[in-house]
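Heads up, the thing below is written out as C-alpha cells.
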Amino acid sequence: MAGEFAVELRDVVKNFITPEGSELAAVDHVTMQIRNGEFFSMLGSSGCGKTTSLRMIAGFEWPTEGEIYIEGKAVGHTPPFQRKVNTVFQNYALFQHMTVFENVAFGLEMEGAAKEEIKKRVAKALEMVQLTGMERRRPRQLSGGQQQRVAVARALVKIPDVLLLDEPLGALDLKLRKEMQLELKALQQQLGITFVYVTHDQEEALTMSDRIAVMSKGAVRQIGTPVEIYERPSNRFVADFIGEANFFDGRIKSLAKDEALVYVPALNADLTGLPVSDGLVNGEEVVVSIRPEKVRITAEETMNTNLFRGKVTNTVYIGTDTHVYLDVCNAKLKVYEQNRISRLDPGSFYTVGQEVLLILPPENTLFLKKD
Amino acid sequence: MFQRLRENKSVQGTLLALPTMIWLSVLLILPLLLTLVISFGRRSPDGNVIFTFTLDNYIRLLGYHTNCAGGQARCFDPIYATILWRSLVLAFNTTVLVILLGYPLAYFIARAHPKKRNLYLFMVLIPLWTNFVIRVYAWMMLLRKEGGINIALGWFANLLGIPFQPLEMLYTPGAVLVGMVYEFLPFMILPIFTSLEKIDNSLYEAAADLGANAIRTFLRVTLPLSMPGVVAGTILVFIPVMGTFIVSDILGGRQVILVGNLIQRQYLDARDPTFGAAAALILMVMTLIVTYFYTRRFGFGEEIVAV
Ligand SMILES: Nc1ncnc2c1ncn2[C@@H]1O[C@H](COP(=O)(O)OP(=O)(O)OP(=O)(O)O)[C@@H](O)[C@H]1O
Ligand SMILES: [Mg+2]
C-alpha cells in the first residue's frame, strides 16, 4: 500500500459552464483525505457537488484546478479505464443486452483474464452479493435490489483500490435500503476495500460510515466520525443539517482554556462551563446550539448551573419520544424526551401551560461560528 | 352497454383496430386477391384480362417461353430468374452500403451536442422534401457523360496535365446502386440514430470504468445495443429497394432491368397485366421469404427483450 491515503483531493475546483452561459463552481476548493480501508461518505443536500467530486475521482470529469491523488499518485488526466477505481452507478448502468454473468465478467474480460479465472471470480463475486443461481438472468428479470447487487458485484470483482458508490440505494424502498446498508457495510469490512459513498440521507451516512464529509454549495463544511459530526458540529450549518438543534444568538463573555461563558440575550442569562472550540475569540458573536434530546426537564429544584424555568406550549407524542415545546424567557425551545416510562398515566404527561425546570447541560451546549 | 364496453378490454382493442382493419382489407387484401386472380388469367389480343385458370404466366416466369426463335413449341431462357436475382443482389448490396454509410453518420449525430443534433437530423431529412423522381434525375445530371462529375474530373485532370476521357457512368449497375443508396440512406440513419440516442450515457461510463477503451466499448456495448436500429433500418431499406423501378429506370436505362421495371413494363408497355400480376406476386413472395428468415434471426428491431 502506497501511503496512508487511498484518495486525496487537494484544493480541487470544478467549474461548469451552465447552459445559461455563466460559470458555476460545482466543487469549490475541496480538500479531503480518504484513508485506506475506510468507509468514507460525502453527505450533503442536492446540488452540493457530491456526484461531481466522485466523478472526478473516477475520471469522468477532470478538475479545473487542484489535484487528485489515488494511492499517493497524482492521477491528472488518466482516463477512467486506467484507474484502479470502480463505480457503482446510481441507476446501476447495467448492460441490458448481457446476462448477470456477462455483466460481472465484463471488467475481467477487459483485463484479459483467462476464462477459467473469470468463471471462478465471477462465481465468488456473485456469492458475495448472494446472487448465486442468477447468472443467466438478464438485468430486467431482476428486482431493483438484485440489480443493485449485480452493480456492486460487477465493480467489486475487479478488486479495486477504491469503490465509489453514488447513492446506490436511492431507488430502493426503506426496508430494503436498511438491509442493504448493513450488507454493504459488512462487505466493506470483510474486504477491507476503501468505499467512498455519496448520499443525501444523513441517517444512512451515520449508520454506515467511518468518517463523513458534510458538504454544502461545493465546499466541505466538516469531516469527522459520525459521533464527532453529531456531537461536535464545527459550525451552524453542520449542526442544522445533521439532526436537529435549538439555536440562540449569543456573545462570548469570557474564554478560558477549557471553559467559556456565553451570554444569550434571548434567555437573558449567561451559559457557563461550555466546551471551547477553536477559532473563536472573546467578545465574538456566536450561535449557541443544543440538541433537543440533550435538554433535561426536571421536577425538583436542583443546584445545577444553566437552569431555566420554562412554560410548556405544546406536546407531541411520537411513540419513542415525546416532543415538548417550551417558551423559556424570550426564546422558544424544543425538547425531545424519550418515553422510558409509559405515558398512559396522564400524570406522566406534560400539560400545556405547565411550568417546568430545564437544564441545558454545559457539555452538550455548544457555541459555534456564525455563518 | 357502454358499461360493458368500458370493462371489456378485448372489445376495446377490436374497436380501436377496426378503422385500420377496414383500411387494410379494402386497400391491401382486396387488391392482393385481385392480383392473384388476374395472375391466373390470360391476356386477350387487345390487352385485356381473360379470367380463366392457367399457370402459363408462372411457367413463363420460370423461363419456359412459347414464342421461340427455332419454331419450337417451348424453349428455356431464364431471363426472369436473372432479373429477380439481379434485384436481390442489388437490394442486398444497397442495404449493406447504406448500413456502412449510415451507421457512422447516425453515431456522429447521436453523440453530437443536443443543439447541433436537431440541425443534423434536419439536414438528413431535407432531401426528402424534394420529389423522389426529381432527386433521381439530379443524379442523372451528375452521372451523364457531360454531367457534373465528369466536368469536375476533367477539370482536375486538366489541372494535373493528365489526358482525360469522360467516364461512362450513367446506365450502369453502379449508377443504379449509387442512386439507391442515396435515396434510401435516411431510412437507415433515422432508426439507427433513434436506438443510439436511447443508450444512456452512464453505460459508456460504466464500460470505461470497467476497463474498456473506446473501441471495445463500441464493440461490446454500443453496437449490440444499437442493433435494433440496424435491423429496423434494414427492413425499411431492403423491401422498397426490391420493388422500386424509378431509380433503375432513370439511372439504369435498358441496361439494368429489375423486377420493378419488369412489372411496370408488363402493365404499361407490353399491356399484359396477367404476366405483370404473376411477377408482382413472385416478387412479394420472395421478399416475404427473405424478410421472414431475416426477422427470425434478428427480430423486427424491437428492444432486446430477455428470452
Ligand atoms: N455537466 C454539467 N454541466 C453544468 N453543470 C453541472 C454539470 N454537472 C453538474 N452540474 C452542476 O453542478 C452542481 C453540483 O452537481 P452534483 O451533481 O455534483 O450535485 P450532487 O451533490 O450530486 O446533487 P444530488 O444529490 O442532487 O445528486 C449542480 O448545481 C449541478 O447543476
Ligand atoms: Mg448526485
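The values are calculated or read from the model by the stated rules, or taken from the named source; none is laboratory data. This structure is a prediction, so every number in the text was calculated from the model and none was measured. When we count neighbours, we look across all protein chains shown, and the Cβ atoms used for this are built from the backbone with ideal geometry, even at glycine. Note: areas computed on protein heavy atoms with side chains; ligands, DNA, RNA excluded. Shrake-Rupley method; radii C 1.70, N 1.55, O 1.52, S 1.80 Å.
Values computed for the structure shown
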quantity	calculated
Pairwise burial A:B, computed as accessible area of each alone minus the pair, summed, 1.4 Å, Å²	2100
Those Cys residues of the protein assembly as shown for which no other cysteine Cβ falls under 4.7 Å	A:48, A:329
Alpha-carbon Rg/Rh ratio, for the protein assembly as shown, with Rh computed the Kirkwood way	1.18
Cα-derived Rg to Rh of the stretch A:163-267, Kirkwood definition	1.09
Pairwise centroid distance, computed over Cα atoms, of the stretch A:25-83 with the stretch B:142-200, Å	50
Assigned charges on the beta-carbon of Lys, Arg, Asp, Glu; the protein assembly as shown dipole about Cα centre (debye)	2660
Shielding by partners, peptide A:75-86 (average Cβ within 10 angstrom, other chains)	3
Accessible heavy-atom area order of A:167, A:4, A:117, highest first, probe of 1.4 Å	A:4, A:117, A:167
Span from the the stretch B:11-80 Cα centroid across to the the stretch A:107-145 one, whole angstrom	57
Chain A: angle of helix A:100-111 to the longest principal axis, Cα-based, in degrees nearest 10	70
Residue (of A:113, B:97, B:262) at the positive-pole extreme of the protein assembly as shown, dipole from beta-carbon charges	B:262
Average accessible area per residue (Å²) across the protein assembly as shown - probe 1.4 Å, nucleic acids and ligands excluded	52
Length-normalised contact order for the stretch B:85-306 - Cα pairs under 8 Å, 6+ apart - percent	25
For q = 0.11 Å⁻¹, Debye-computed log10 I/I(0) when each Cα of chain A counts as one equal scatterer	-0.87
Neighbourhood net charge (13 Å Cβ-Cβ; Lys/Arg +1, Asp/Glu -1) for residue B:105	+2
Rounded percent of accessible protein surface that carbon and sulfur make up, chain B, 1.4 Å probe	70
Zone of residue B:269's modelled label, taken as backbone nitrogen in the stretch B:137-178 under 20 Å from a point 7 Å along Cα→Cβ	B:137, B:140, B:170-177
The stretch B:85-306: proportion of alpha-carbon pairs further apart than 23 angstrom, %	58
Residue-averaged 222 nm ellipticity for chain B, from DSSP H runs of 4+ at -39500 (n - 2.57), nearest 500	-22000 deg cm²/dmol
Kyte-Doolittle mean at least 0.5, axial Cα span of 27 Å or more - DSSP H helices of chain B	B:79-111, B:173-197, B:223-243, B:273-298
Surface share of carbon and sulfur [accessible, 1.4 angstrom probe, percent] for the stretch A:237-369	51
DSSP-defined beta bridges in chain A - what % are antiparallel, rounded to 5	75
Dipole of the protein assembly as shown [Lys/Arg +1, Asp/Glu -1 at C-beta], most positive-end residue of A:37, B:277, B:150	B:277
CD proxy at 222 nm, helix term only [per DSSP H run n ≥ 4: -39500 (n - 2.57); per residue of chain A; nearest 500]	-7000 deg cm²/dmol
Number of partner chain Cβ atoms within 10 Å, mean per residue of A:96-103	4
Gain upon complete extension [residue A:257, residue A:270; 0.36 nm per residue less C-alpha separation]	2.9 nm
The stretch A:254-308 versus the stretch A:156-187: alpha-carbon centroid distance in Å	41
Residues in the stretch B:191-218 that, when all protein chains are in place, have 50 Å² or more less accessible area than the chain alone would give (probe 1.4 Å)	B:203, B:205, B:209, B:210, B:216
A:154, B:6, reordered so the largest accessible area comes first (probe 1.4 Å)	B:6, A:154
